[in-house]
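Structure record follows, encoded as structure tokens.
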Amino acid sequence: MRCWLAAIGGAAVLALCGCTATMGDYVDANALTLQSPVQNAQSLDIPKRFFDEELPARFQHAGIGIINDQATFLKLWSAYTQDTTVLPPSIDFKNFAVLFVYDPEYYNRVFIRGLNVWQGIANPIVERTNWKLAIGGDPKMREIKEKQGIAVPEPKVNVGLVELLRNKPGRPGVTAVLVEGAEKPEDSLVIPVPEVP
């Protein structure tokens, strides 16, 4: 099966349930450390409501998170293509999960250029613009247009997407995604890659 985004190899430790944990939960003396470029990464405009209403909070934090199953990915894709009929890419969720990154405060173009993987924890290398554009545009202008009966586009964020290779026995992969660094690495927050749905 063809990979849509990027497959990367990482380190092996036990995958935990979908909740925010710390890097200390993932220490494994046999884990590998590597830096991996990504290929075929995507950057899409997705309605903000998908992250606010459709995706469980335990799979995301501060604009970084994981899509773990086909049904959730199809909801994201449907939100992306609400005005078109573009078929979704094929993703093997038995072997991969999808990492996403977006700016939760402003509309900025986001692209994942690579991954640093340490003991199974992926730290995305993100390239983004430094715009200060409010998500959904100027709130006052939106209010004026709504009062005038003018259609106002749904607020969207630009989202970088890439596949993460799941950790499996005999084949090291990503076990968690770093979402917030700390002075002591073991105190840094991570989102575990959930088990295969």
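The values are calculated or read from the model by the stated rules, or taken from the named source; none is laboratory data. Just so you know, these numbers come straight off a predicted model, no measurement behind them. For neighbour counting, all protein chains shown are included, and Cβ atoms are generated from backbone atoms with ideal geometry for every residue, glycine included. Areas reflect the complete protein model, heavy atoms only, side chains present, ligands, DNA and RNA absent. Shrake-Rupley method; radii C 1.70, N 1.55, O 1.52, S 1.80 Å.
Annotations for the structure displayed:
- Which numbered condition Val110 misses (of (1) open to solvent by less than 50 Å² (accessible area, probe 1.4 Å); (2) more than 14 Å from the chain's Cα centre (by Cα); (3) not hydroxyl-bearing (Ser, Thr, Tyr)): (2)
- Top-ranked residue in the range 113-154 [being among the basic types (Lys, Arg) and exposed (fewer than 14 other Cβ atoms within 10 Å of the Cβ); ranked as nearest to the chain's Cα centre (by Cα)]: Arg113
- For the range 177-197, a residue qualifies if it is over 24 Å from Ala71 (Cβ atoms), open to solvent by 40 Å² or more (accessible area, probe 1.4 Å) and part of a loop (DSSP other than H, G, I, E, B), and the qualifying residues are Gly181, Ala182, Glu183, Lys184.
- Elements of type strands (runs of 3 or more DSSP E) in the range 65-165, at least 3 residues being β-branched (Val, Ile, Thr) and touching a residue at least 60 places away in the same chain (Cβ under 8 Å): 110-118, 156-165
- Selection count, the range 155-176, where residues are open to solvent by 20 Å² or more (accessible area, probe 1.4 Å) and modelled with pLDDT of 90 or more: 2
- Inter-residue pairs, beta-carbon under 9 Å, first within 12 Å of Ala122 (Cβ to Cβ) and in the range 170-197, second of a type in the set (Phe, Trp, Tyr) and part of a strand (DSSP E or B), 6+ apart: Gly173/Phe96; Leu178/Trp118
- Condition check for Ile8: modelled with pLDDT of 95 or more, buried (at least 16 other Cβ atoms within 10 Å of the Cβ) and within 19 Å of Asn167 (Cα to Cα): no
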